[in-house]
Amino acid sequence: VSPRVARPQSAQYGSCSQRRMSVMEALELLDQLVDESDPDVDFPNSFHAFQTAEGIRRAHPDKDWFHLVGLLHDLGKVLVLFGEPQ
């Protein structure tokens, strides 16, 4: 992303003033959108996040930070629900 594109988004979303929510609430919000990259998947997007985290945990049991990254990796997609393109 070029700095020209990132600056307006940083100004809009950087203060986190759109909505306050927990990680679990954000994961639940992911279930409300159809991911254009996987439109024919018939399970919730949050399930993908948990699958990813669990797969990383099995492969790298000593890297708890990596498990968390697996869980959070798609949370930015909730911005689609606030008008951002996919």
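The values are calculated or read from the model by the stated rules, or taken from the named source; none is laboratory data. All values reported here derive from a predicted model rather than from experimental measurement. Cβ: placed from backbone, ideal geometry, glycine included. Neighbour counts: every protein chain shown. Heavy atoms of the whole protein, side chains included, go into the accessibility calculation; ligands, DNA and RNA do not. Shrake-Rupley method; radii C 1.70, N 1.55, O 1.52, S 1.80 Å.
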Surface per residue (accessible, 1.4 Å probe) for the stretch 19-82, Å²: 69
Report, to the nearest 10°, how far helix 45-59 tilts away from the longest principal axis of the Cα atoms in the chain, using its own Cα long axis and a range of 0 to 90°. 50
Among Asp64, Asp35, Asp74, whose mean-square fluctuation peaks in a Gaussian network model of the chain (Cα, cutoff 10 Å)? Asp64
Which net charge results for the neighbourhood of Ala26, defined as the other residues with beta-carbon distances under 13 angstrom from its beta-carbon, given Lys and Arg at +1 and Asp and Glu at -1? -1
On Cα atoms only, tilt of 3-13 relative to the major axis of the chain in degrees: 80
With eigenvalues of the C-alpha gyration tensor scaled by 5 and rooted, the stretch 19-82, Å: 22, 15, 8
Taking a spot 7 Å from the Cα of Val69 along the direction of its beta carbon, which residues of the stretch 34-59 have an amide N less than 18 Å from it? 49-59
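Could you work out the helix-only [θ] at 222 nm for the chain, with each DSSP H run of four or more residues adding -39,500 (n - 2.57) and the total divided by the number of residues, to the nearest 500 deg cm²/dmol?
After summing the helix terms and dividing by residue count, I get -15000 deg cm²/dmol.
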Candidates Gly55, Gly76, Gly14, ranked by Gaussian network fluctuation over the chain, Cα under 10 Å, top entry: Gly14
Would you work out what percent of the accessible area of the stretch 31-86, with all protein chains in place, is carbon or sulfur (probe 1.4 Å)? 58
Dipole magnitude of the chain, debye to nearest 20 (Cβ charges: Lys/Arg +1, Asp/Glu -1, about Cα centre): 560
Give me the extension gain from Gln9 to Glu28: residue separation times 0.36 nm, minus the current Cα-Cα distance, reported in nm with one decimal. 4.5 nm
Choose one answer from Ser46, Ser15, Ser37: the residue with the largest mean-square fluctuation in a GNM of the chain with alpha-carbon springs under 10 Å. Ser15
Which whole-number percentage describes the relative contact order of the chain, with Cα contacts under 8 Å and a sequence gap of 6 or more? 26
